[in-house]
Amino acid sequence: MVCNREDSMRRSEIDSESKDRVVETFYLETQDDLYFAVKGQEHPPERWIGVLRYTPDPQSGDRIKQGRAYRRLYRFREQEKWMGSAYLQYRSFDPVFNTTLQSVPRRLVRRIYDPRLRLQEIAGAGVRSSIEEDALAFARLLQKESGRRTPH
């Protein structure tokens, strides 16, 4: 199901002190209005490894944030083709992997989204949308089955 709500891509911004703890599941919003999904737990000092997930697309974008349409890019080939030569700053050779990876220079990050904080916001909200209710119920089920503490 496609969600067209304004806040469909919203996640909670983490504070500047937490920027060194960016890990898999976080999203990075760039100064170019691109959204990257962070991959892995360890990152080079000047950038975060991630893959391009959302790009502005007024013609076929089905996700809306602040009145702007975005399209989700599912496949690596599609991501690479879209970036082409216009966004070389989001590729960098990584000596650990001995290959060029998609990654985001820290200086180009506008906002860091932490899904754990968003879940806490949803859990603490008095009024929730139906999708927020579903997300919270699913998180509680996962936490119950894993033996982890559940949000309120």
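No lab work stands behind these numbers, since they all come straight from the coordinates. Please read these numbers as outputs of a predicted model, since none were measured by experiment.
Mind jotting down a quarter of the surface of the convex hull over the alpha carbons of the stretch 104-152, in square nanometres, one decimal?
Working: hull surface 18.9 nm².
Result: 4.7 nm².
Report Rg/Rh for the stretch 12-113, rounded to two decimals, where Rg is the Cα radius of gyration and Rh the Kirkwood radius.
Working: Rg = 13.3 Å, Rh = 14.0 Å.
Expressed as Rg/Rh, it is 0.95.
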